[in-house]
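Asks: Structure incoming, see below.
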Amino acid sequence: MHPMLNIAVRAARNAGKVILRASEDLSRVEAQQKGSNDFVTNVDKDAEAIIRETILKAYPEHSIVGEELGVTEGKDADYQWIIDPLDGTTNFIKGIPHYAVSIALKVKGRLDQAVIYDPVRSELFTASRGQGAQLNSMRLRVAKNNEIAGTVLATGFPFKQKHHIDAYTDAFKALFVHTADIRRAGSAALDMAYVAAGRIDGFFEIGLKPWDTAAGELLIKEAGGMITDFAGGTNYTKSGNIVCGSPKLCQQIVKEIRPTLTESLLK
Ligand code: 2AM
Ligand code: CA
């Protein structure tokens, strides 16, 4: 295993311990609202702190961007870690056991290492650039479905940007009629890990943040899949509007949703 992936795994497991321990007594978890329908708990912050500590102990000069604790510019700007300490915070607060730790490393702006760790199921999804993607060391491939017919897709609702609900439901409807079914489980990182694993054929969501998707993107690409924005382009890192799955399925999804969307979402 690449030494930096090894550190990412150690960091994710440390965060997983913090999260699982806290999940045993949710009455002691303090949730605060940081934005519209957007919650953060002391557990998100503690988990991010231990991830940062683990990374910086091994690589004191690296830079870090985390969802809860912000940007730390290290001396070495070529190495940037992107952390979501707890993806699926709403599930966590409600006691729904479906959430994950997501850690990615970019080297000179390019995704290089990725970990998504589900502490509840002890599932560790990992990828290194050019080395494929694994689940607990077993090689992963995206599902081969080229058509939307017969697929099970995953999605997330635009709960923080409810003004997108009409555009979202139009896109949903255009896809839903063709799929076998659609899941909405509440953790974008796990949705993307499941796409890499072929458990879910494809995934789409509006307005995600870089820490929600960075690790998932490398996992999916290393598992033979693709990620695009809603117009089939590469603006998803900025817009957070994401479609992923096998390359052909992505094309089909874009073809269906494109006509339903307003200009502002077509990127
Ligand atoms: P979080 O739990 O880290 O906040 C739910 O749809 C999933 O999407 C979660 O992984 C949630 O991450 C993430 N998410 C973050 N911002 C979002 C947004 N603006 N709209 C929809 N989902 C968002
Ligand atoms: Ca989070």
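The values are calculated or read from the model by the stated rules, or taken from the named source; none is laboratory data. In this text, all values refer to a predicted model and were calculated from it rather than measured experimentally. Cβ atoms come from the backbone with ideal geometry, glycine included; neighbour counts cover every protein chain shown. These area figures cover heavy atoms from the full protein model, side chains too; ligands, DNA and RNA do not enter into them. Shrake-Rupley method; radii C 1.70, N 1.55, O 1.52, S 1.80 Å.
Asks: Got a sec? Which of ALA188, ALA171 is under 11 Å from the mean Cα position of the chain (by Cα) and of a type in the set (Gly, Ala, Ser)?
Replies: ALA188
Asks: In addition: Is it the case that some residue within the range 60-70 is surrounded by fewer than 18 Cβ atoms within 10 Å (Cβ to Cβ), away from ligand 1 (no atom under 15 Å from the Cβ) and within 19 Å of GLN113 (Cα to Cα)?
Replies: yes
Asks: Another question, then. I need a count of the residues in the range 252-267 that are closer than 14 Å to HIS178 by Cα, open to solvent by 10 Å² or more (accessible area, probe 1.4 Å) and out of contact with any Ser or Thr (no Cβ under 7 Å at 6 or more places or on another chain). Full working, then the answer.
Replies: Step one: list which residues in the range 252-267 are closer than 14 Å to HIS178 by Cα, which gives 252-257.
Of the ones still in play, those that are also open to solvent by 10 Å² or more (accessible area, probe 1.4 Å) are 252, 254-256.
Applying the additional criterion that residues be out of contact with any Ser or Thr (no Cβ under 7 Å at 6 or more places or on another chain) yields 252, 255-256.
Final tally of qualifying residues: 3.
Asks: Still on this structure, please answer the following. Check whether at least one residue in the range 176-192 is more than 16 Å from ligand 1 (Cβ to nearest atom), in a helix (DSSP H, G or I), open to solvent by 20 Å² or more (accessible area, probe 1.4 Å) and farther than 22 Å from GLU68 by Cα, and report yes or no.
Replies: Of the range 176-192, the ones more than 16 Å from ligand 1 (Cβ to nearest atom) are 176-181.
Those left that are additionally in a helix (DSSP H, G or I): 176.
With open to solvent by 20 Å² or more (accessible area, probe 1.4 Å) added as a condition, the list becomes 176.
Okay, now just the ones that are also farther than 22 Å from GLU68 by Cα, so 176.
Yes.
Asks: Further question on the same structure: Just to be sure, is ALA149 in a loop (DSSP other than H, G, I, E, B), away from ligand 2 (no atom under 16 Å from the Cβ) and either in contact (Cβ under 8 Å) with a residue 24 or more places away in the chain or surrounded by fewer than 23 Cβ atoms within 10 Å (Cβ to Cβ) (or both)?
Replies: Values: in a loop (DSSP other than H, G, I, E, B): yes; away from ligand 2 (no atom under 16 Å from the Cβ): yes; either in contact (Cβ under 8 Å) with a residue 24 or more places away in the chain or surrounded by fewer than 23 Cβ atoms within 10 Å (Cβ to Cβ) (or both): yes.
Considered against the rule, which asks whether it is in a loop (DSSP other than H, G, I, E, B), away from ligand 2 (no atom under 16 Å from the Cβ) and either in contact (Cβ under 8 Å) with a residue 24 or more places away in the chain or surrounded by fewer than 23 Cβ atoms within 10 Å (Cβ to Cβ) (or both), ALA149 comes out as yes.
Asks: Give just the number: which of (1) within 14 Å of ligand 2 (Cβ to nearest atom); (2) open to solvent by 30 Å² or more (accessible area, probe 1.4 Å); (3) at negative phi does TYR117 not satisfy?
Replies: Status for TYR117: all satisfied but (2).
Asks: Output the residues belonging to the range 1-53 that are of a type in the set (Val, Ile, Thr), open to solvent by 20 Å² or more (accessible area, probe 1.4 Å) and either at pLDDT below 95 or more than 17 Å from ILE96 (Cα to Cα) (or both). Show your work before the answer.
Replies: Filtering the range 1-53 for residues of a type in the set (Val, Ile, Thr) gives 7, 9, 18-19, 29, 40-41, 43, 50-51.
Now narrow it down to the ones that are open to solvent by 20 Å² or more (accessible area, probe 1.4 Å): 18, 29, 50.
Scanning the range 1-53 gives VAL29, ILE50.
Asks: In addition: Give all pairs with beta carbons closer than 6 Å in which a residue from the range 154-179 that is on the phi < 0 side of the Ramachandran plot meets a residue that is of a type in the set (D, E, K, R) and open to solvent by 20 Å² or more (accessible area, probe 1.4 Å); count only pairs at least 6 apart in sequence or on separate chains.
Replies: ALA154/ARG183; THR155/ARG184; LYS160/ASP38; ALA174/GLU256; LEU175/GLU256
Asks: For the range 84-144, please list each of the strands (runs of 3 or more DSSP E) lying entirely inside it that holds at least 3 residues being hydrophobic (A, V, I, L, M, F, W, C).
Replies: 100-107, 110-118, 123-128
Asks: In this structure, does VAL101 turn out to be over 24 Å from THR237 (Cα atoms) and within 16 Å of ligand 1 (Cβ to nearest atom)?
Replies: Numbers: over 24 Å from THR237 (Cα atoms): no; within 16 Å of ligand 1 (Cβ to nearest atom): yes.
Judged against the criteria, VAL101 is not a match.
Asks: A further question on this structure: Can you spot a residue in the range 106-122 that is within 16 Å of ligand 1 (Cβ to nearest atom) and of a type in the set (D, E, K, R)? Quick ask: steps written out before the conclusion?
Replies: As a first pass, look at the range 106-122 and keep what is within 16 Å of ligand 1 (Cβ to nearest atom): 114-120.
Those still in the list that are of a type in the set (D, E, K, R) too: 118.
The answer is yes, given that some residue of the range 106-122 is within 16 Å of ligand 1 (Cβ to nearest atom) and of a type in the set (D, E, K, R).
Asks: Restricting attention to the range 51-78, and to residues there that are part of a strand (DSSP E or B) and touching a residue at least 60 places away in the same chain (Cβ under 8 Å), which single residue is nearest to ligand 2 (Cβ to nearest atom)?
Replies: Kept after step one, since they are part of a strand (DSSP E or B), are these residues of the range 51-78: 62-66, 70-72, 76-78.
Next cut, touching a residue at least 60 places away in the same chain (Cβ under 8 Å) only: 65-66.
Details: VAL65: 13, GLY66: 9 Å.
Among those residues, the one meeting the criterion is GLY66.
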